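In what follows, a structure is listed as structure tokens, so that the remarks can point back to it.
The values are calculated or read from the model by the stated rules, or taken from the named source; none is laboratory data. Treat the numbers as computed from the prediction; the structure is a model and nothing was measured. Cβ coordinates were reconstructed from backbone atoms using ideal geometry, including for glycine residues, and neighbour counts include every protein chain displayed.
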């Protein structure tokens, strides 16, 4: 009975707020470009005044936040985004949607990847059984920050959680490759190719293996070419001279068994097919 009274009080309270907002709206030009000021209570305070209905309050605030950030006439609305979504997730820590929507606005509209990852990692901490938060963190740090070491950490956490899709492991392997861990990447993608169940998996594995093997072979061949150049002052007319002069045992071929392209003037080795991923 007491709880019903609190719920009734909460509903009356929000109805009064809505009516006050309505009166305010009648006298306010919302289409005028302007700044706004927003003062927010703490999550602890809001939980106290929710009288046991914190999820309901979090829902109200979440819906309001969508309307608030959809109002492009408010010039500084993004200044409050982290506080707003921290408040909502403090009130209801296992409310998934605010973490995902808030981080999307932060990353895509504000280009503040670090802020987005902070919110996502809060979600990961509060819901350690969910894979999505670490996956999104890995995606943002990889795509926008080019921090593949950090992305590896997040992808690895995500891939170990229950229900994590298989493609996360492939994104984990790609982040390892982008760090230049070639030998480790080669073994990982050989495993992907061996266990591939779909054409997409096979194609992804083959593309990575082609490129990884080229990078490994390129280092080996380039090292032999440098030795040749230091001895004779010029690069060999034909790459097979590296074998003839016993600098290298054999000239490796690409993943498909083709010879690499050799440019004597530049002293460079290139793959026969296009290069897909550029490291920065």
Original post:
Just one of the numbered conditions (1) farther than 28 Å from residue 167 by Cα; (2) free of Cβ contacts under 8 Å to residues at least 12 places away in the same chain is not true of residue 262; which one?
Top reply: (2)
Original post:
Restricting to helices (runs of 4 or more DSSP H) lying wholly in region 92-195: which have 1 or more residues that are out of contact with any strand residue (DSSP E or B) (no Cβ under 7 Å at 6 or more places or on another chain), touching a residue at least 40 places away in the same chain (Cβ under 8 Å) and under 30 Å from residue 59 (Cα atoms)?
Top reply: 96-104
**OP:** Can you give me the number of residues within region 253-265 that are assigned to a loop (DSSP other than H, G, I, E, B), surrounded by fewer than 16 Cβ atoms within 10 Å (Cβ to Cβ) and under 38 Å from the mean Cα position of the chain (by Cα)?
**Re:** 5
Original post:
Just for region 35-47: of the residues that are over 13 Å from residue 86 (Cα atoms) and surrounded by 12 or more Cβ atoms within 10 Å (Cβ to Cβ), which one is modelled with the highest pLDDT?
Top reply: 45
**OP:** Run residue 200 past the list (1) loosely packed, with under 13 Cβ neighbours inside 10 Å; (2) more than 23 Å from residue 168 (Cα to Cα) and report the number of the one that doesn't hold.
**Re:** (2)
Subject >> Hey, residue 77 touching a helix residue (DSSP H, G or I) at 6+ places or on another chain (Cβ under 9 Å), buried (at least 18 other Cβ atoms within 10 Å of the Cβ) and at pLDDT below 75 or not >> reply: no
Original post:
Looking at region 209-218, is at least one residue at pLDDT below 95, within 20 Å of residue 156 (Cα to Cα) and assigned to a helix (DSSP H, G or I)?
Top reply: no
Original post:
If residue 29 passes every condition in (1) in the same structural domain as residue 136 (by TED's automatic domain parsing); (2) out of contact with any strand residue (DSSP E or B) (no Cβ under 8 Å at 6 or more places or on another chain); (3) modelled with pLDDT under 75 but one, which one does it miss?
Top reply: (1)
Original post:
So residue 221 fits all but one of (1) assigned to a helix (DSSP H, G or I); (2) surrounded by fewer than 16 Cβ atoms within 10 Å (Cβ to Cβ); (3) more than 34 Å from the chain's Cα centre (by Cα); what number is the exception?
Top reply: (2)
